[in-house]
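To keep things clear, I will list the structure first and then write my remarks on it.
The values are calculated or read from the model by the stated rules, or taken from the named source; none is laboratory data. What you are looking at is a predicted structure, and each value in this text was computed from that prediction instead of being measured. Here Cβ is always computed from backbone atoms with ideal geometry, including for glycine, and neighbour counts include all displayed protein chains. Just the protein is used for accessible areas: all its heavy atoms, side chains included, with ligands, DNA and RNA removed. Shrake-Rupley method; radii C 1.70, N 1.55, O 1.52, S 1.80 Å.
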Amino acid sequence: MFEMTKLPIEMLTKRETTPSTISPEIEAFCREIDAGQQPFYIEPIAEPWARPSNCFLNVIQKIKSDAGSLQHGWVIWEIPGEVLEAEFHGIWRSLDQRLIDITPPIENEKRLLFLPSDKLQFEGFIVPTICKDLAHSAFSQAFIAAKHFIDLLRSYDAAQHASLTQSLIGERQIGRNRPCPCGSGKKFKRCHGR
C-alpha cells in the first residue's frame, strides 16, 4: 500500500482533464466498461439553476420541467500517460433524442468525453470511480488511492443520499417550506427544490 506521507510533489500540479483525443488506450478502457458503446465528445450546456457535481438530480429536475429522459454513462478523464478515470455521470436526452449535458462542468472544461452506458442506473448511491493505471508510478498509485478514498468518503452516508433522492423524485412528500432533507438547514424550495 502506498504511504500517504510520501506523496509525490506532482500531486500538487497534475490534474485530470478531458482527453484531447480518443487514443487506443482510451478505446480499450471504454470497452472494458461497456463493450457495446463508443465514447463521444459533448459540449456542456449548463442550465442556470443546475449545480456542479450534481448531474443526476439536475437531470431529474430537467425531466420534470421539460420531459425527456436520463442517459446514464461515464465521463472519461485522463492525466496523460499516468491515469485514465471514468466517473459515473448522467446527461439529459431531449424528446427529439439530442443528448445534452446540463450540469456545469468542473474546471470550466469546454467539452467532455462521454461514454453512454445503461449497465448501471442511478439509484441515489455513489458509484465508485473506475481508474486505470497507465504508468504504474508512485504518482499514479497515489492518485488512484486518493480517488478510492474520496469515493469512500462520498459513499459514507449513502443511505441519506438515497433518502434525499427518493424525496426529490417524489417531491409531493416534501413541502416547499419544509427543511430540505439534505441537512443544509435551508427550506427545500431554496435548496434542492429549485
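Some observations on this one:
- Taking region 1-135 and dividing mean pair separation by its residue count, relative contact order in percent (alpha carbons under 8 Å, at least six apart): 32 percent
- Charge sum, other residues only, whose C-beta stays under 14 Å from Glu109's C-beta, Lys/Arg counted +1 and Asp/Glu -1: -4
- In terms of packing, defined here as the mean over residues of other Cβ atoms within 10 angstrom, the peptides 21-34, 68-81, 127-140 line up highest first as 68-81, 127-140, 21-34.
- Listed residues Ile102, Ile144 arranged by accessible area, highest first, probe 1.4 Å: Ile144, Ile102
- Surface calculation, 1.4 Å probe, protein heavy atoms: Lys147 sits at approximately 40 Å² accessible.
- Summing Lys and Arg as +1 and Asp and Glu as -1 over all other residues whose Cβ lies under 13 Å from the Cβ of Glu25 gives a net charge of -4.
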